[in-house]
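Encoded as structure tokens, the structure appears first; notes follow it.
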Number of protein chains: 2
Amino acid sequence: MGINGQQLWGESMIIPPLPPNFGRGVGRPSKTRRRESDEVINKQKKRSRGKQPMPEIQFLLPPDSNWLDLHQEEVQDGWSQPSTAISSIQISQFPSHGAAAASPTWQHKNKGSMLVQLLFFSSVLLSCISNGSAGVTSTFVRNEWPSVDIPLDNEVFAVPKGYNAPQQVHITQGDYDGKAVIISWVTADEEGSNKVRYGLSEGKYEFTAEGTVQNYTFYNYKSGYIHQCLVDGLQYDTKYFYEIGDGDSSRRFWFRTPSPIDPDAPYKFGIIGDLGQTYNSLSTIEHCMQTGAETILFVGDLSYADRYKYHDVGVRWDSWGRFAERSAAYQPWIWSAGNHEIEYFPYMGEVIPFRNYLHRYPTPYLASESSSPLWYAVRRASAHIIVLSSYSPFVKYTPQWKWLEQELKRVDRKKTPWLIVLMHAPMYNSNDAHFMEGESMRAVFESWFCRYKVDVVFAGHVHAYERSYRISNIRYNVSSGASYPVPDKSAPVYITVGDGGNQEGLALRFRDPQPDYSAFREASYGHSTLEIKNKTHALYHWNRNDDGKRVPTDSFGNQSSKKKTEEKPSSLCPIQFTTESDIVNLHRNRRSADVAHHKSLLFRLVGISS
Amino acid sequence: MGINGQQLWGESMIIPPLPPNFGRGVGRPSKTRRRESDEVINKQKKRSRGKQPMPEIQFLLPPDSNWLDLHQEEVQDGWSQPSTAISSIQISQFPSHGAAAASPTWQHKNKGSMLVQLLFFSSVLLSCISNGSAGVTSTFVRNEWPSVDIPLDNEVFAVPKGYNAPQQVHITQGDYDGKAVIISWVTADEEGSNKVRYGLSEGKYEFTAEGTVQNYTFYNYKSGYIHQCLVDGLQYDTKYFYEIGDGDSSRRFWFRTPSPIDPDAPYKFGIIGDLGQTYNSLSTIEHCMQTGAETILFVGDLSYADRYKYHDVGVRWDSWGRFAERSAAYQPWIWSAGNHEIEYFPYMGEVIPFRNYLHRYPTPYLASESSSPLWYAVRRASAHIIVLSSYSPFVKYTPQWKWLEQELKRVDRKKTPWLIVLMHAPMYNSNDAHFMEGESMRAVFESWFCRYKVDVVFAGHVHAYERSYRISNIRYNVSSGASYPVPDKSAPVYITVGDGGNQEGLALRFRDPQPDYSAFREASYGHSTLEIKNKTHALYHWNRNDDGKRVPTDSFGNQSSKKKTEEKPSSLCPIQFTTESDIVNLHRNRRSADVAHHKSLLFRLVGISS
């Protein structure tokens, strides 16, 4: 039972129970759960007894009764919704969770006796106490590939065959509401055509759009011909096929438009950050493609080309463009810029920020009345997505601040109930890496996020995964007020997904003890998905990358074909399954069952039972 | 004695005693001191007794003994340098202070008996206790002119006579070390000459420098021809005469180069912020000119032209250029940009920040290896001056951050012992206006300011005057550590001088109670001077504007003259005297006598006497 209890604690306590009529979700078998549970237990053993062997039961007891008093006071100060909170943990409701219901192991457990349930419940509570925090620091360590970029001659970066063939193809939303895309590609040999031919069935391109072309130099690197074409006036909820390039070198792809703006429109987003171009990056992008995510929310740090010098910077922007094409030519990527896009290089006379990035990754900023491609908003299905720039001016009076002030007023929760913010540097982070680097933006925007009840803020930057409770620090000021973050139902959940897998490696050192605001954290590569079900419910997953062995890159499919068909997203990783490593149901009405209240819930129960 | 004690408390307690060999300074008669003391007493009466008349002695007693305990704990926590601090208040040393020595009233007081000294001392301490803070909130209110811009047809904005005559003349340092100036001017009718003719005696211009010319449009406003000319290779410590413009329309001015970079070089800076173009602005600029300040450190918000619309924005930039010329054509102004320079106007399609400002106010940013005119550094005599941009990116990884990281390493305290930072939004401010707006930059740069022992940070933005103790908040973080600022010998003194006098008026509401970090604050118009004496001592004044009646603007002198001589800085204000409203000796070695330790000093003494 110790193992089973731990297993439930490790994942289920961060899953609130769902209403009986909630959809079944996308459950997958939990083959790795037992191993993860072992890890958690090993961690707790280590914490509680150091190098001294002790009976397993002992580490579950509260080590210090004063500690309990302290945290019960916290409940009274604001961590509480006692009556509703207590009622929301009903073990009999657990099977209604979609993911869990798909697990035979899980179902078996819930056939146990009342005694087993009570034992489980106690172990959950006490293991929490022994941690000194309701937050979880997962010690799971998965084998990773070396943090080095894939060599340029690897097939993952292969230049498509044919003279002047379009490469580095990517699409992004082209308007405010999802009836347009911007298609970008590069031709290496000459300008070539700016045209996109597109239509509703494969090989039948009855429409044409004309784009623009540009190139630029960066130190002594000269870019290819960068084409950007707005394809607008599209129908909602429709698969489009498109063709770019000339003659035998032309290439074919497809994309799917979202449903019309509608509060109950379901939609699945993938979230990736800090991707880079290593084998780990490849694993992440291909795992994400397997989830069926329809659009990627990218939270900054694309190519890590700035870790190269001189001519190679541009070369690695090109290779990354070819690398990301496997997804970005089919699913729109909503871009936000990270610090690796700044590329301030006085030593080679390149000091204008974001030059490579801005030339290559257009955004529909004008549609949301922004004055910069670096901050903007799009609406998609039932979501209003706001993209912020951590490395542009954002304090009061600056253009980004003034724009956001207006954009937040334009959010219509009756049409787009889900309000999502993307940025690069996280406002809440408890990793040693980049700790407090988001403090400047927090000081400026956090009160707005609470006032407008942003649902979730996704960030990258820290090469690990972390999720916060719903907390805010808006009552802090330099002379009085609250000193530290407090639970706040109006606050977003802050999620850091900077674990895309770049050459800088993982950020392995979390601050100890885990701060109160941190709900779950683990230093593994992965990506997230946010699956909006309707106007009130969404299922959020963080998915750790798999254990697959090193990619057999020589199995890369032949891209050239005499018979033109639209290209398939290629998979170079033998994906076994996607591990659901952190799963949260988001309730827009932020009831007591929401993620913010697990801490108060646990402490209140401890208070009653003690 | 109550009155005398209050009088000394109101000013002297913020003046540390000086070593016997310290220079005499620039003392002026204190004609307004008695009236200020009355104000302080009235304020304290109001605070302590509300509407109930009480004997005057009672409000001087500590109202609550618990309060004393609390603050004695603070002493133990870090506000203390007890033994040296106590010895540094020796009343017999007071006459050695230059400013005080010049006051007959002051000298008289120090001839009093030991009993009188003790009484004074007690009243100082107890009045501090009754305030609940060692900081001073002055309630002095001086009559002010209406906060409206001077009409455009006023002589203060007069266009110089003659076809295409140069106008809006201003100079700034042109290199890193003070051997160059950039001279800027505008011609309205045609481009005209870009030449500056200059020399060592009036009317004898043996040298010539050639500049550039440009113009620009802003919405439907078309600028004049903006000339900028670098005059370099100058001799140190030399008065230069210069002539610009053609034929009868030419105009003559002068400037003085600083002494060579030398740690003991004395130098006098004036500090002005948030100037605008009202009658109060005029009073401020002319008062500052009377102090003999050799260079103006301007902390942002020049013209407030952004409060106009469409064509008038440009018009008011022009009028401000003519307004400021009376000083800026003679004394270099070291520019920093404020929020009123941003001018983000989507309604008229003008969204590129700082456009008017950057076209008109060049800075020598390349000389300090900066990539933007908005942040840079200059060295002048014994001072290293760093200009930061509050409204440009400044977080980690941004160009400003990377530049400052390098520039701080270039500071050589053996050559320039005085390290001064300018910015617009203050990092410490206790006014309701703009409270916590500097928090973002504080979170990023404060630790560097302490590590490099910046002497003083000047800011504007808040339309009032305030000076901090030497404190820092660098131990604060979102999960642990100190919650609030603590005394820190390595920290700068933060001074807000946003009280230049613009059309937005004064920021009259200070937060109550006065935070521990705030040493002195008053909502009056004024400017500051920083008079560096040698490598270890400087005298800092904040000077409140005078009581002068409304400016008799029709007395403006005729600028045109058949006989060409260099023009004199014109005075339109009948200045009576400059009131020294806040005076501080800065000791670079930050001994116990320095401004940071008055609070601990007082509390320690209270602890001993109680």
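The values are calculated or read from the model by the stated rules, or taken from the named source; none is laboratory data. These figures come from a predicted structure and were not determined experimentally. Please note: Cβ atoms are built from the backbone with ideal geometry, for glycine as well, and neighbour counts cover all protein chains shown. All accessible areas refer to the heavy atoms of the entire protein, side chains included, with ligands and DNA or RNA removed. Shrake-Rupley method; radii C 1.70, N 1.55, O 1.52, S 1.80 Å.
The rows are residues; the columns are (1) charged (D, E, K, R); (2) touching a residue at least 40 places away in the same chain (Cβ under 8 Å); (3) within 20 Å of B:Met441 (Cα to Cα).
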| residue | (1), (2), (3) |
| --- | --- |
| A:Val395 | no, yes, yes |
| A:Leu408 | no, yes, no |
| A:Tyr428 | no, yes, yes |
| A:Glu439 | yes, no, yes |
| A:Phe445 | no, yes, yes |
| A:Asn473 | no, no, yes |
Report the residue count in the range B:466-521 for those that are of a type in the set (A, V, I, L, M) and within 14 Å of chain A (Cβ to nearest Cβ). 7
If you go through the range A:359-377 one residue at a time, how many are open to solvent by 40 Å² or more (accessible area, probe 1.4 Å) and among the small types (Gly, Ala, Ser)? 1
Which of the residues belonging to the range B:475-500 are within 30 Å of A:Pro513 (Cα to Cα) and buried (at least 21 other Cβ atoms within 10 Å of the Cβ)? B:Tyr476, B:Val478, B:Pro485, B:Pro487, B:Ala491
Working only within the range A:122-175, note down all residues that are under 30 Å from A:Ala377 (Cβ atoms) and modelled with pLDDT under 95. none
How many residues does the range A:137-184 hold that are farther than 19 Å from A:Gly526 by Cβ, among the small types (Gly, Ala, Ser), open to solvent by 10 Å² or more (accessible area, probe 1.4 Å) and within 23 Å of the chain's Cα centre (by Cα)? 1
For the range A:313-321, indicate whether the set of residues that are within 14 Å of chain B (Cβ to nearest Cβ) and among the acidic types (Asp, Glu) is non-empty. no
Close pairs (6 angstrom Cβ cut-off, 6 or more residues apart or separate chains): under 15 Å from B:Thr208 (Cα atoms) in the range B:230-253, of a type in the set (Asp, Glu) and part of a strand (DSSP E or B) anywhere: B:Ser250/B:Glu243; B:Arg252/B:Glu243
More than 11 Å from chain A (Cβ to nearest Cβ) and farther than 29 Å from B:Val313 by Cα, is that true of B:Trp335? no
Could you grab the pairs with beta carbons closer than 7 Å, sequence gap of 6+ or different chains, first residue in the range B:364-392 and basic (Lys, Arg), second one open to solvent by less than 10 Å² (accessible area, probe 1.4 Å) and in a loop (DSSP other than H, G, I, E, B)? B:Arg379/B:Gly178; B:Arg379/B:Thr416; B:Arg380/B:Gly178; B:Arg380/B:Pro258
The lone exception for A:Trp320 - which of (1) in a helix (DSSP H, G or I); (2) over 18 Å from A:Ser147 (Cα atoms) it fails: (2)
Residue set B:Tyr344, B:Tyr310, B:Tyr330, B:Tyr304; condition in contact (Cβ under 8 Å) with a residue 24 or more places away in the chain, buried (at least 20 other Cβ atoms within 10 Å of the Cβ) and touching a helix residue (DSSP H, G or I) at 6+ places or on another chain (Cβ under 7 Å); output residue B:Tyr304
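Can you pull out the strands (runs of 3 or more DSSP E) entirely within the range B:341-438 that have at least 1 residues that are within 14 Å of chain A (Cβ to nearest Cβ) and touching a strand residue (DSSP E or B) at 6+ places or on another chain (Cβ under 9 Å)?
It comes to B:376-380.
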Any residue in the range A:196-215 that is under 27 Å from the mean Cα position of the chain (by Cα) and not charged (D, E, K, R)? no
Given the options A:Val444, A:Val462, name the one that is buried (at least 19 other Cβ atoms within 10 Å of the Cβ), within 30 Å of A:Pro513 (Cα to Cα) and more than 11 Å from chain B (Cβ to nearest Cβ). A:Val462
Is it the case that the range B:379-395 has a residue that's open to solvent by 10 Å² or more (accessible area, probe 1.4 Å) and out of contact with any helix residue (DSSP H, G or I) (no Cβ under 8 Å at 6 or more places or on another chain)? yes
